[in-house]
Protein chains: 2
Amino acid sequence: MSVTLYVCTTCRAEGDPPEGPRAGARLHTALAEAFTGEAVRVEPVECLSVCKRPCTVAVASPGRWTYVYGDLDPANAAAILRDGLPRYAATPDGIVPWRERPEAFRKGVVARIPPFPA
Amino acid sequence: MSVTLYVCTTCRAEGDPPEGPRAGARLHTALAEAFTGEAVRVEPVECLSVCKRPCTVAVASPGRWTYVYGDLDPANAAAILRDGLPRYAATPDGIVPWRERPEAFRKGVVARIPPFPA
């Protein structure tokens, strides 16, 4: 699947240690490991402007809607995305039927953007 | 400028008349009129998944970051976007310096997404 997963590495979460890596950076590390060798490109990004709902990712793919998700926890986000991204990639337009979406996608959706014009 | 302005036509606002057009539809009408004949493509969209912050638009352009804005009022959004979109189009990457952004863009930003890979 040709999916790009943008991960905000600047997201801070409550309880982040002042000197340790931020929650967003920890999320990026977890996702880069989870998708090693797979057809998901994990891209670190400085700020997706969803600072009030850390942690945040955006899922994009040619010809498909882009989805932005917030409220992700670095501790379990990899499992959620390993479940949700193949469902996304299996659709022609990126729109997964509501009941097939991971709950974290239903509750955490921040915005969606139509497919980029070809 | 080759800018696409996606306008959510399904956004409801408090005080929308039950039988009249929704705030999102009114916003789309206002923006389509405001940008008639200009190099901004105004596209109606069914739901940008920002239902808690009506009204909502997304601004996209090849090679530039996509921005999603909420909290727009159909009564004055056209003026705001006529101010803000040329500033966006004048940048190489879509990132307008903070102090040059319309206040409604600063406060209303919902998310931003990196430029689509070429």
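The values are calculated or read from the model by the stated rules, or taken from the named source; none is laboratory data. Here the structure is a predicted model, which is why all the values come from computation and not from measurement. Virtual Cβ from ideal backbone geometry, glycine too; neighbours counted across all protein chains shown. The area values use the complete protein model at the heavy-atom level, side chains included, leaving out ligands, DNA and RNA. Shrake-Rupley method; radii C 1.70, N 1.55, O 1.52, S 1.80 Å.
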Practice task
Give me the Debye-computed log₁₀ of I(q)/I(0) at q = 0.12, 0.13, 0.15, 0.16 Å⁻¹ for the protein assembly as shown, equal point scatterers on Cα only, no solvent, two decimals.
Solution key: -0.67, -0.78, -1.02, -1.15
Exercise for the section: Mind giving me the nanometre distance, one decimal, between the label points for residue A:39 and residue A:14, set 7 Å out from Cα along Cα→Cβ? Expected result: 4.1
Fill in the blank from the handout: Among B:56, B:68, B:78, the residue whose Cα sits farthest towards the positive end of the charge dipole of chain B (+1 at Cβ of Lys and Arg, -1 at Cβ of Asp and Glu, taken about the Cα centre) is B:68
Fill in the blank from the handout: Of all GluC sites (Glu not before Pro) in the range A:1-102, the ones in DSSP coil with at most 11 other Cβ atoms within 10 Å are A:14, A:19, A:46
Exercise for the section: In whole angstrom, note down how far apart the Cα centers of the range A:26-56 and the range A:91-106 are. Expected result: 19
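How large is the Kirkwood hydrodynamic radius of the range A:36-118, in angstrom, based on all distinct alpha carbon pairs?
Kirkwood radius, the range A:36-118: 13.3 Å.
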Exercise for the section: With +1 on each Lys and Arg Cβ and -1 on each Asp and Glu Cβ, and nothing else charged, work out how big the dipole of the protein assembly as shown is about its Cα centre, in Debye to the nearest 20. Expected result: 40
Practice task
Please list, in chain and number order, the residues 5+ apart from residue B:110 or on another chain whose amide H is under 5 Å from its amide H, with Hs placed from the backbone.
Solution key: B:68, B:69, B:70
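Taking a probe of 1.4 Å, how large is the accessible area per residue of the protein assembly as shown, in Å²?
50
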Practice task
Mind listing, in residue-number order, the residues in the range A:46-65 that have at least 30 Å² less accessible area with every protein chain present than in their own chain alone (1.4 Å probe)?
Solution key: A:48, A:49
Problem - Protein heavy-atom accessible area occluded, A/B pair - total, 1.4 Å probe, Å² - result: 1800
Problem - Choice from A:42, A:57, A:96 showing the highest fluctuation, given a GNM over chain A with Cα pairs closer than 10 Å - result: A:96
Handout entry: Per-residue SASA entry for residue A:12, accessible area with 1.4 Å probe, Å² rounded to 10
Key = 140
Exercise for the section: List, in order, the whole-Hz ³J(HN,Hα) value for each residue of the range A:8-25 obtained from phi through the Karplus relation with A = 6.51, B = -1.76, C = 1.60 and θ = phi - 60°; use x for Gly and Pro. Expected result: 6, 8, 9, 4, 10, 10, 4, x, 4, x, x, 10, x, x, 5, 4, x, 5
Exercise for the section: Could you tell me which of A:90, A:44, A:10 has its Cα farthest along the dipole of chain A towards the positive end, charges placed at Cβ (Lys, Arg +1; Asp, Glu -1), taken about the Cα centre? Expected result: A:90
Problem - 19 Å reach of a label modelled at residue B:87, 7 Å along Cα-to-Cβ, counting backbone N of the range B:18-44 - result: B:35, B:40
Problem - Range of Cα positions in the range B:8-76 per principal axis (Å), largest first - result: 40, 26, 20
Completion exercise
To the nearest 20 debye, chain A has a Cα-centred charge dipole, built from +1 on Lys and Arg Cβ and -1 on Asp and Glu Cβ, of 360
Exercise for the section: Using a Gaussian network model of chain B whose springs link C-alpha atoms within less than 10 Å, name the residue from B:17, B:74, B:86 with the highest mean-square fluctuation. Expected result: B:17
Fill in the blank from the handout: Quick calc, the range A:72-118, dipole around Cα centre from Cβ unit charges on Lys, Arg (+) and Asp, Glu (-), nearest 20 debye, gives 100
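Return the carbon/sulfur percentage of the accessible area of the range B:21-118, one whole number, probe 1.4 Å, all protein chains in place.
Taking all protein chains in place, the range B:21-118 shows 53 percent carbon and sulfur surface.
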Handout entry: Max mean-square fluctuation residue, GNM over chain B, Cα-Cα springs under 10 Å, options B:91, B:56, B:66
Key = B:91
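For every helix of n ≥ 4 consecutive DSSP H residues, a contribution of -39,500 (n - 2.57) applies; sum these over the protein assembly as shown, divide by its total residues, and give [θ] at 222 nm rounded to the nearest 500 deg cm²/dmol. Before the final figure, lay out the partial values.
On the way: 6 runs with 62 residues, N = 236.
Calculated at 222 nm, the ellipticity per residue is -8000 deg cm²/dmol.
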